[in-house]
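Reading through the C-alpha cells given below for one structure.
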Amino acid sequence: MTIRALILGCSGYELTPEEVLFFKEVQPWGFILFKRNVSGPEQVRALCDSLRELTGRKDTPILIDQEGGRVQRMGPPHWPVYPQGRVYGNIYAKDADLGLETVRMGARLIAEDLKAVGINVDCLPVLDVPAAGAHDVIGNRAYGIDPKTVSALGMAAATGLLEGGVLPVIKHIPGHGRAGVDSHLSLPVVDASRAELELDFKPFRQLSDMPMAMTAHVIYSAIDAKRPATTSPIVISEIIRGELGFDGLVMSDDLSMQALSGTLCERAEAAFAAGCDVALHCNGLIEEMRSVASAAPLLTSDAARRAATALKRNAHPLPEVDIRELRLRFDEHMAMFA
C-alpha cells in the first residue's frame, strides 16, 4: 500500500470535495484535528470515519492536541475541561503518589473521550522543562520546572493514554522550555551550554521508549548554531536518536509555523533530510498542503518500521475500567486541591 510520510489537517467539520480528491491522491499516513474541525461527538466521529475511508486503513492515525488547560481542542458542552499540566505538578509537589495517580486518571479519561469519536493519537505529554525568563508558550502547560517532576508525571500521563488505547506523542523533543520566543511566530535560539541542556533532555531520555515524538522548532547553538532541531541532522541523529536513544517515530512540529524559513516545500525537504520520519502540516490550507506533499517521500524503510511499531502499541486488549467511577475519583482528587 502506498502511504506518504505526512500528517495533514483539514479545513472544517467535514471534508470538501477538493480535500477528498487530494487526500485520495496523496494518501497521507495520518491526519490532525483542531477546534475548527470539532462541533460535537457525532460530527467528529463522522469526520474520522471519512478520513479512514479515504485511506482504506482502519488504524490510520488521527491526532489531536488534547492536553487540558489552554491547549484543548475538544471541550464543553460535549467534553469536560481538563487541567493544565502544572495543576498536576502542584498536586505532585504535595503528595507524589496522588499526583501520579491523578495525572494517569486524567489521561485515561482523555483517551476515553478521544477513542469514542475515533481519535487514536494525542499530542501529549509535554516534556518541556520551562526555564526562568523563557517565553510562556510552554509555561503552565509543563508539569513542573524540574526534570524529575516532568519525567514522572509525563510517564504517568503517557501510561494513562496507552491504557485507554490512544498513542502518546512526547513533545517537543529535545526540549522547548528555554525558548525565549514563541516558535509559532519566530525562531527561538537557545544559547545554553551543552551541560545545561542536559536538564532539558532528561525527560525525553526517560520516556525514550514512547511510540512517537514531535520535534522542537528551536536552535540549540551549542549543538547546531544554524538549524532548528526539526531541520538539523546533528540534533536528530546525534541527540534524539543517539544520546536520548529514541527509536520511535519522529514527526516534525507544524511546518507552517513561522520559526521555519523558506517555502513549505523547502521546509519539508529540510525536515526529511534531517531525519524526520513524517512531516506535520496543520492549518488545512490545501495549496500549502500540496506544496508540502510535493516534497514528501513515501513511507518506507526505517520510517515505515517505526510507524508500524507505533501503531502496534494500540493493537492489544484494553484493561477493564469503570469510566463513571474513574471520573468521580478524578473529580474528587481535583476538588481536594481546588
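Filter segment 16-33 for residues that are of a type in the set (A, V, I, L, M, F, W, C) and either over 18 Å from R73 (Cα atoms) or surrounded by fewer than 19 Cβ atoms within 10 Å (Cβ to Cβ) (or both) and give the result.
First pass over segment 16-33, keeping only residues of a type in the set (A, V, I, L, M, F, W, C): 20-23, 26, 29, 31-33.
If the condition is that a residue be of a type in the set (A, V, I, L, M, F, W, C) and either over 18 Å from R73 (Cα atoms) or surrounded by fewer than 19 Cβ atoms within 10 Å (Cβ to Cβ) (or both), then V20, L21, F22, F23, V26, W29 are the ones that fit.
Quick check on this structure: which one of A295, A279, A303 is farther than 27 Å from R36 by Cα, of a type in the set (A, V, I, L, M) and at pLDDT 95 or above?
On the way: A295 fails: farther than 27 Å from R36 by Cα; A279 fails: farther than 27 Å from R36 by Cα.
The match here is A303.
Under 7 Å between Cβ atoms, which residue pairs at least 6 apart in sequence (or on different chains) link something in segment 296-310 that is of a type outside the set (D, E) with a partner that is modelled with pLDDT under 95?
Here the result reads L298/T2, each pair linking segment 296-310 to a residue that is modelled with pLDDT under 95.
Name the residues in segment 185-221 that are under 29 Å from L264 (Cβ atoms) and surrounded by fewer than 18 Cβ atoms within 10 Å (Cβ to Cβ), would you?
Restricting attention to segment 185-221, the residues satisfying the condition of being under 29 Å from L264 (Cβ atoms) are 185-191, 200, 204, 210-221.
L185, S186, L187, V189, D191, S221, listed by residue number.
Looking at A338, A279 in this structure, which one is part of a loop (DSSP other than H, G, I, E, B) and not polar (S, T, N, Q)?
Details: A279 fails: part of a loop (DSSP other than H, G, I, E, B).
After ruling out the rest, the residue left standing is A338.
Check off (1) out of contact with any Phe, Trp or Tyr (no Cβ under 7 Å at 6 or more places or on another chain); (2) assigned to a helix (DSSP H, G or I) for P319 and give me the number that stays unchecked.
(2)
Inspect segment 227-238 for any residue being within 20 Å of E269 (Cα to Cα), in contact with a strand residue (DSSP E or B) (Cβ under 9 Å, 6 or more places away or on another chain) and among the charged types (D, E, K, R) and give the result as yes or no.
yes
Can you pull out the residues in segment 292-329 that are more than 28 Å from E163 (Cα to Cα) and buried (at least 18 other Cβ atoms within 10 Å of the Cβ)?
Step one: filter segment 292-329 for residues more than 28 Å from E163 (Cα to Cα), giving 292-298, 300-301.
Answer for segment 292-329, where residues must be more than 28 Å from E163 (Cα to Cα) and buried (at least 18 other Cβ atoms within 10 Å of the Cβ): V292, A293, A295, A296.
Take the residues in segment 52-67 that are among the hydrophobic types (A, V, I, L, M, F, W, C) and within 19 Å of the chain's Cα centre (by Cα), then tell me which one is surrounded by the fewest Cβ atoms within 10 Å (Cβ to Cβ). Explain how you work it out, then say what you get.
Narrowing segment 52-67 to residues among the hydrophobic types (A, V, I, L, M, F, W, C): 54, 62-64.
Right, trim to within 19 Å of the chain's Cα centre (by Cα) and you get 62-64.
On the way: I62: 22, L63: 25, I64: 27.
Of everything passing the filter in segment 52-67, I62 is surrounded by the fewest Cβ atoms within 10 Å (Cβ to Cβ).
What residue, of R104, R70, is among the basic types (K, R), buried (at least 19 other Cβ atoms within 10 Å of the Cβ) and within 28 Å of R329 (Cβ to Cβ)? First the steps, then the outcome.
Values: R70 fails: buried (at least 19 other Cβ atoms within 10 Å of the Cβ).
None of the other options fit; the residue is R104.
A quick yes/no check of all residues on (1) out of contact with any helix residue (DSSP H, G or I) (no Cβ under 8 Å at 6 or more places or on another chain); (2) in a helix (DSSP H, G or I); (3) of a type in the set (S, T, Y); (4) more than 30 Å from A5 (Cβ to Cβ):
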| position | (1), (2), (3), (4) |
| --- | --- |
| V292 | no, yes, no, no |
| L311 | yes, yes, no, no |
| A315 | yes, no, no, no |
| R324 | yes, yes, no, yes |
| L328 | yes, yes, no, yes |
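Can you name the residue in segment 188-214 that is part of a loop (DSSP other than H, G, I, E, B) and modelled with pLDDT of 95 or more and is also nearest to I236 (Cα to Cα) among such residues? Quick ask: steps written out before the conclusion?
Of all residues in segment 188-214, those part of a loop (DSSP other than H, G, I, E, B) come to 188, 191-193, 207-211.
Remaining after also requiring modelled with pLDDT of 95 or more: 191-193, 207-211.
On the way: D191: 18, A192: 18, S193: 18, L207: 16, S208: 13, D209: 16, M210: 16, P211: 16 Å.
Only one residue fits best here, namely S208.
If you go through segment 272-291 one residue at a time, how many are over 15 Å from H217 (Cβ atoms) and either of a type in the set (D, E, K, R) or surrounded by 23 or more Cβ atoms within 10 Å (Cβ to Cβ) (or both)?
Counting residues in segment 272-291 that are over 15 Å from H217 (Cβ atoms) and either of a type in the set (D, E, K, R) or surrounded by 23 or more Cβ atoms within 10 Å (Cβ to Cβ) (or both) gives 6.
Could you check, for segment 234-244, whether at least one of its residues is touching a Phe, Trp or Tyr at 6+ places or on another chain (Cβ under 7 Å) and in a loop (DSSP other than H, G, I, E, B)?
The answer is yes; a qualifying residue exists.
Given (1) surrounded by 16 or more Cβ atoms within 10 Å (Cβ to Cβ); (2) in contact with a helix residue (DSSP H, G or I) (Cβ under 6 Å, 6 or more places away or on another chain); (3) without any contact (Cβ under 8 Å) to a residue 40 or more places away in the chain, where does H78 come up short, assuming only one miss?
The number of the failed condition is (1).
Which residue out of V126, V166, V121 is within 15 Å of G85 (Cα to Cα) and touching a residue at least 12 places away in the same chain (Cβ under 8 Å)? Step through it out loud before you land on a result.
Values: V166 fails: within 15 Å of G85 (Cα to Cα); V121 fails: within 15 Å of G85 (Cα to Cα).
When all the criteria are applied, what remains is V126.
The values are calculated or read from the model by the stated rules, or taken from the named source; none is laboratory data. From a predicted model like this one, the values you see are computed outputs, not experimental measurements. Cβ coordinates were reconstructed from backbone atoms using ideal geometry, including for glycine residues, and neighbour counts include every protein chain displayed.
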